[in-house]
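Participant: Right, I'll just put the structure down here and ask away after.
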Amino acid sequence: VRTFAEVLGHIADAQYSICGGAVSAKPRTVSIEKTQKTKEGLIPALKEAFAYCDEIWSGMTAAKMLETAKMFGGEKTRVSILDFNTGHTYEHYGNLATYMRIKRIVPPSSEDGH
């Protein structure tokens, strides 16, 4: 079981490995999950990791999205790899929502107006 900080670090690490895989980039090993344990370390690391994926999404064209890349032991379209990353992030948001509720914090997705 990961701590709250480890889940955030894992999400950040996955941005590099999964989004990078969508463009066949050389894997970036940043180990945020293992090296960043504080809010002050995690927030900038998460911002940078999400900016990395945003840059990859921005570079996608309709044709490029349908090209394939090696991922998870097979060939996947680039857009399916990026879609997997979105799903992966939401799955871990579910973990984080549980941690928030244990601490009596209402997760942002459950606040009024959502």
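Participant: Search region 25-58 for residues being in contact with a helix residue (DSSP H, G or I) (Cβ under 9 Å, 6 or more places away or on another chain) and polar (S, T, N, Q), and hand back the single one that is surrounded by the most Cβ atoms within 10 Å (Cβ to Cβ).
Facilitator: Gln36
Participant: Given the structure, is Thr77 modelled with pLDDT of 95 or more, within 30 Å of Ile105 (Cβ to Cβ) and surrounded by 14 or more Cβ atoms within 10 Å (Cβ to Cβ)?
Facilitator: Here the answer is no, as Thr77 does not meet what is asked.
Participant: Taking region 1-23, which residues are closer than 24 Å to Val79 by Cβ and either open to solvent by 80 Å² or more (accessible area, probe 1.4 Å) or not small (Gly, Ala, Ser) (or both)?
Facilitator: First, the residues of region 1-23 that are closer than 24 Å to Val79 by Cβ: 10-23.
His10, Ile11, Asp13, Gln15, Tyr16, Ile18, Cys19, Val23, listed by residue number.
Participant: Another question about this same structure. Using beta carbons and a limit of 8 Å, which pairs, at least six apart or on different chains, have the first residue in region 43-69 and more than 17 Å from Thr29 (Cα to Cα) and the second one among the charged types (D, E, K, R) and open to solvent by less than 50 Å² (accessible area, probe 1.4 Å)?
Facilitator: Short answer, once both residue conditions are applied: Met60/Arg78; Lys64/Arg78; Met65/Arg78; Leu66/Arg78; Glu67/Arg78; Thr68/Arg78; Ala69/Arg78.
Participant: Kindly list, by first and then second residue, each pair from a residue in region 93-114 that is more than 15 Å from Ala5 (Cβ to Cβ) to a residue that is open to solvent by 70 Å² or more (accessible area, probe 1.4 Å) and aliphatic (A, V, I, L, M), limited to pairs with Cβ atoms under 7 Å and residues at least 6 apart or on different chains.
Facilitator: Filtered contacts from region 93-114: no entries.
Participant: Moving on to the next point. Within region 26-114, which helices (runs of 4 or more DSSP H) (wholly inside it) include 3 or more residues that are of a type outside the set (Val, Ile, Thr)? So that I can check it myself, show each step before the final result.
Facilitator: Numbers: elements: 32-35, 39-58, 62-66, 78-102.
Of the helices (runs of 4 or more DSSP H) lying wholly inside region 26-114, those with at least 3 residues that are of a type outside the set (Val, Ile, Thr) span 39-58, 62-66, 78-102.
Participant: With the checklist (1) open to solvent by less than 30 Å² (accessible area, probe 1.4 Å); (2) over 11 Å from the mean Cα position of the chain (by Cα); (3) not β-branched (Val, Ile, Thr) in hand, flag the one item Phe72 doesn't pass.
Facilitator: Only one criterion is unmet by Phe72, namely (1).
Participant: Give me the residue from region 80-106 that is under 12 Å from Cys53 (Cα atoms) and among the aliphatic types (A, V, I, L, M) and, out of that set, surrounded by the most Cβ atoms within 10 Å (Cβ to Cβ).
Facilitator: Ile81
The values are calculated or read from the model by the stated rules, or taken from the named source; none is laboratory data. Quick caveat: nothing in here was measured; it's all calculated off a predicted structure. All Cβ positions, glycine included, derive from the backbone under ideal geometry; neighbour counts span all protein chains shown. In case anyone asks, the SASA skips ligands and DNA or RNA and just uses the protein heavy atoms, side chains included. Shrake-Rupley method; radii C 1.70, N 1.55, O 1.52, S 1.80 Å.
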